[in-house]
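Below you'll find the structure, written out as structure tokens, and then a few comments.
The values are calculated or read from the model by the stated rules, or taken from the named source; none is laboratory data. What you see is a predicted model, and the numbers here were worked out from it, not measured in a lab. FYI the Cβ positions are ideal-geometry reconstructions off the backbone, even for glycines, and counts take in every protein chain you see. Each accessible area value is taken on the protein alone, full model and side chains, heavy atoms only, with ligands, DNA and RNA left out. Shrake-Rupley method; radii C 1.70, N 1.55, O 1.52, S 1.80 Å.
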Amino acid sequence: MHKKRSLKTEILLRLAIPLIFFISIESVLSYFVTLHHVNVAYDRWLLDSARSLAQEIKVRKGKIFVVLPPAALEIFKWDESDQTYFKIISEQKGMMAGDKFVPEPFDMDTDWTRPVFFDNEMYGEPVRVVSMLIAPEHSSEKVFVHVAETLNKRRNMMLDILLADLVPQMVLVFLAGIYLVIGVKRGLQPLHVLADEIAQRSSRDLRPIPEQHVFLEVRALTDTINDLLERLGSAIATQQRFIANAAHQLRTPLAGLKLQVERAQREQDLPAMKPALLQIQGCADRMSHLTTQLLLLARSEPIDGDYELRPVDLCKLAKETCMDWAPKALQRHMELSFEGPEQALLVRGDEVLLRELLANLLDNAICYGLAKGNIAVKVDPYPLPCLSVEDDGAGIPELETGRVFERFYRIPGSPGDGCGLGLAIVKEIAELHKARLELSRVSAAGGTRIDLIFKPL
Ligand SMILES: Nc1ncnc2c1ncn2[C@@H]1O[C@H](COP(=O)(O)OP(=O)(O)O)[C@@H](O)[C@H]1O
Ligand SMILES: [Mg+2]
């Protein structure tokens, strides 16, 4: 079963996922940018403290010593949020002042020409450290000043900046999300209205869907549905016309049948009944023929438009049908000949329907052709596969050529007890095969020729 997918969820997901992705990337980037700026700002302060410490390194008589007045130490205590530690180390004397745990740069070849900043830990807490090398005047000794500071100030600052940046963004995303949900819901509303409208229709209501409330994007869908409704409407109309015609046609022989039965019932003995019984048999024959034709017509009219066509050997089919009809032609002393290639000639078709088509043409040729005349059935592969039936009867008058293919139409005064469906059936079967049907007179004197020209396989 197909998973039910909602257009609304789909649109929202497609917008929300990239939005969240870009906001995440932007947040990571802004974290690092903020970190950089915060470090730059506070590193300057840290360096100032290291420099003020460095000023307390004095040289007297070539010797180095550090005197830290309380004012200098105040600088370190002054800060409320952070702990600051320092260490002054001489290359020769070692530790001169401060806390020996203050970390030093681990890089062996540190460039001491400028202050060095790095991150480390002290007493289990992360710290930012600045280290600088002091070369006091009048002394060859090297002194290092290291100042470490915990990160609370920096963290708070980071947090303030990030919050100031993120909160409005989140609010914006939230508002945009709400707006989006409402927008998509409103946008899809006409579709629901449309669905309701269609759902409330009766099965007979095949009016086209109104297009005034429909979006351009949905128009393609409604156009297709309207097209389908139109075709459905005309298919139903055809069916109804057919049923009405069929009912009308069946009623006439049925009424005749009833009449003859009543007539037979009035007679006392069998010989007196005989004429009525013969009429009844005639009626039954006509009705049987009519029902066969009607059913065939209904069958050759696919409602869904696609009929399964398979390769059929036209030559074999025509030859066999001719053999079936030869005895009937003989009854009118007609000669039924077949002419076609030796090898098979394949066309795409429905074998049963094609046999019926030819049977109807042969039936007409035998019925309306010249007694003791000729009927020629030909199958020709070139230029296109073609099946033709030709007789030498009186022919169909020019004026009637259009109408003879209509259902239930017979040329007035036609012999036989046909019901006017034969050529209509031929036409529908030809259309089903997308074959071209051509009706022509053989000569000025008469004769009918019907060609059925197929598309190549
Ligand atoms: N081969 C033919 N020669 C002369 N007239 C024909 C021929 N085929 C058909 N017709 C005319 O066309 C009419 C319609 O034919 P058809 O649809 O087969 O109906 P039906 O044979 O039942 O009358 C016939 O009534 C007949 O007059
Ligand atoms: Mg006929």
Any aspartates and glutamates with Cα under 17 Å of the Lys185 Cα? List them, leaving off those in the same chain fewer than 8 positions away. Glu10, Asp196, Glu217
Which order do peptides 407-415, 349-357, 36-44, 148-156 fall in by mean Cβ count within 10 Å, highest first? 349-357, 148-156, 36-44, 407-415
Cα centroid of region 337-415 to Cα centroid of region 213-282, whole Å: 26
Could I have the simple spin-label model distance between Leu159 and Phe65, label points 7 Å from Cα toward Cβ, reported in nm to one decimal? 4.6
Of the cross-linked pairs Lys87/Lys153; Lys61/Lys142; Lys58/Lys93; Lys319/Lys434; Lys316/Lys427, which ones have a Cα-Cα span greater than 19 Å in the structure shown? Lys87/Lys153; Lys319/Lys434; Lys316/Lys427
Rounded to one decimal in nm, the spacing of the 7 Å Cα→Cβ label points at Lys434 and Thr401 is 2.6
3J(HN,Hα) from dihedral phi, region 115-132, Karplus parametrisation 6.51/-1.76/1.60, rounded to Hz, x for glycine, proline: x, 10, 10, 7, 9, 7, 10, 8, 6, x, 10, x, 9, 9, 10, 10, 10, 9
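Using the heavy atoms of the protein chains and a 1.4 angstrom probe, tell me the accessible area per residue for the chain in square angstrom.
Counting only protein heavy atoms, the per-residue value for the chain is 64 Å².
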Quick one: helix 216-266 against the long Cα principal axis of the chain, what's the angle to the nearest 10°, folded into 0 to 90? 20
Read phi for every residue in region 20-37 and hand back ³J(HN,Hα) as whole Hz from Karplus 6.51 cos²θ - 1.76 cosθ + 1.60, θ = phi - 60°, with x for Gly and Pro. 5, 4, 5, 5, 4, 4, 5, 5, 4, 4, 5, 4, 5, 5, 4, 4, 4, 5
C-alpha long axis of helix 422-432 to longest principal axis of the chain, angle in °: 20
With each pseudo-label sitting 7 Å past Cα toward Cβ, what's the Lys8-Ala394 distance in nm, one decimal? 7.4
On the accessible surface of the chain, probed at 1.4 Å with all protein chains in place, carbon and sulfur together account for a percent value of 60
